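Every number here is computed from the coordinates shown, using simple stated rules; none is lab data. For clarity, every value in this text was computed on a predicted model and none was experimentally measured. Positions of Cβ are backbone-derived with ideal geometry, glycine not excepted, and every protein chain shown enters the neighbour counts.
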């Protein structure tokens, strides 16, 4: 798991380095920076899993860096966390609008950072316990095992014949490796104690529904969430995946297959269509329309609107009024 951190205070950087070295995962790598510019460049070069950043730094602030990173990336599952010595409500509000997961006040405790890192890493190795993933001491194998567990769960849920193929992959990758029994009990409604019991359980499963039908049902839920929450600037595939209990990777692939476009493109389409409706039928200011459609900054909304329609919001409204 790749972690980036930025703070202009040497003492805070040293404390964070101590925290990250203390965290027990064998898979964690990290880089620590003193400016927002360095953080932005590192994120754009290779997307991390987690970012911790101070708000006020020389040059580009932490919030400005996150905003620019989010502008330049799509379907990014990075978890952003702001650290600050300020209790100013405006900072917290800006963080919320940027979709930042938490606002941490200095001085920080190791227990806070450990809890965040565990939760983020659990999302990477969904389906197996973090301790079991660590025991493997092989990140690639741990990820394969996690994918295999999730695929196995999906194969059961869709009652599809492909579960036989999934079982073969499971036998190759996961035989004899400890798994999270709670996960299986939650997914399958029964406790499964070892691999042979799992194999018997799945071989006895019925095959009544197709994978395609199940995939459509899942994507339909994603579309409903978008339609009901597009006003939320923090809405993203990672938050929807958490809500539905699937990996971001799986949902992104299923969504693109069913809808013929990436999640971010679909979300933009919904937001711009609603913006068009408000421009044509209300006298709301462009700034207010931007916020009502999930854009924290009107300048970015105008940029996206022009790219999608070929006109600025004001130009579009004038043309619309002239046709009435």
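Length gain on complete extension for the stretch residue 17 to residue 137, per 0.36 nm per residue less the alpha carbon to alpha carbon distance?
Result: 41.0 nm gained on full extension.
Once Rh for the stretch 267-323 is found with the Kirkwood sum over Cα pairs, what is the Stokes-Einstein diffusion coefficient at 10 °C and 1.306 mPa s, in µm²/s?
Values: Rh = 10.9 Å.
For the chosen part, D equals 145 µm²/s.
So, by mean Cβ neighbours within 10 angstrom, what's the order for 116-129, 303-316 with the highest one leading?
116-129, 303-316
For the stretch 211-264, just say rounded, prolate or oblate: build the C-alpha gyration tensor, square-root its eigenvalues into a ≥ b ≥ c, call rounded for a/c under 1.5, and beyond that prolate if a/b exceeds b/c, oblate if not. Walk me through the numbers on the way to the answer.
Working: a/c = 1.65, a/b = 1.51, b/c = 1.10.
Judged from the Cα gyration tensor, the stretch 211-264 comes out prolate (a/c at least 1.5, a/b above b/c).
Gain in length, residue 292 to residue 309, computed as 0.36 nm per residue apart minus the alpha-carbon separation, to one decimal in nm?
Using 0.36 nm per residue and subtracting the Cα-Cα distance, I get 4.3 nm.
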